[in-house]
1. Looking at (1) in contact with a helix residue (DSSP H, G or I) (Cβ under 8 Å, 6 or more places away or on another chain); (2) within 15 Å of residue 89 (Cα to Cα); (3) in a strand (DSSP E or B); (4) not basic (Lys, Arg), which is the one condition that is false for residue 71?
2. For the stretch 13-49, what are the residues that are among the aromatic types (Phe, Trp, Tyr), surrounded by 13 or more Cβ atoms within 10 Å (Cβ to Cβ) and part of a strand (DSSP E or B)?
3. So which of 23, 57 is of a type in the set (A, V, I, L, M) and touching a residue at least 60 places away in the same chain (Cβ under 8 Å)?
4. Residue check: is residue 70 in contact with a Lys or Arg (Cβ under 7 Å, 6 or more places away or on another chain) and either at pLDDT below 95 or not hydroxyl-bearing (Ser, Thr, Tyr) (or both)?
5. Report, ordered by the first and then the second residue, all pairs with beta carbons closer than 6 Å, sequence separation of six or more or different chains, a first member in the stretch 73-98 that is on the phi < 0 side of the Ramachandran plot, and a second member that is part of a loop (DSSP other than H, G, I, E, B) and modelled with pLDDT of 95 or more.
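The values are calculated or read from the model by the stated rules, or taken from the named source; none is laboratory data. Every value quoted in this text rests on a predicted model; they were computed, and no experiment measured them. Please note: Cβ atoms are built from the backbone with ideal geometry, for glycine as well, and neighbour counts cover all protein chains shown.
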Amino acid sequence: MPKASPAPDFLSAFDDLPFGTHIGTSGGRSYVFTKSSFSNGNSLKLVADERGGNDYISLNLYRLPSGKALLKPCEMPETKVIEFVLDLSLYEPVTNKNIKGTD
């Protein structure tokens, strides 16, 4: 049986995240995250690294021709990536001033 699409609240929260690299918080921790689009927006990727910690989030979201979405976390529980996205608050885009070594 095909997997159900992620809940509308997750999809809305994910879609509201800006593309590019930004700083934000989730679960009381600070992250640098990057949202990217591939295949004309049909494949989306979110990767986040905890600032000053070891946590890592990685997921792919596929927009299917049927109009449904398929969430594929990368080697972590689906609940972890869903909770991360739902709680993620954006601080600011990444610049040379707030992340050393970033253009």
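1. (2)
2. As a first pass, look at the stretch 13-49 and keep what is among the aromatic types (Phe, Trp, Tyr): 14, 19, 31, 33, 38.
Add one more test, that the residue is surrounded by 13 or more Cβ atoms within 10 Å (Cβ to Cβ), and what stays is 14, 31, 33.
Scanning the stretch 13-49 gives 31, 33.
3. Numbers: 57 fails: touching a residue at least 60 places away in the same chain (Cβ under 8 Å).
Going through 23, 57 in turn, the sole match is 23.
4. Numbers: in contact with a Lys or Arg (Cβ under 7 Å, 6 or more places away or on another chain): yes; either at pLDDT below 95 or not hydroxyl-bearing (Ser, Thr, Tyr) (or both): yes.
Taking the combined requirement at face value, the residue satisfies it.
5. Note: pairs meeting the criteria are 87/27.
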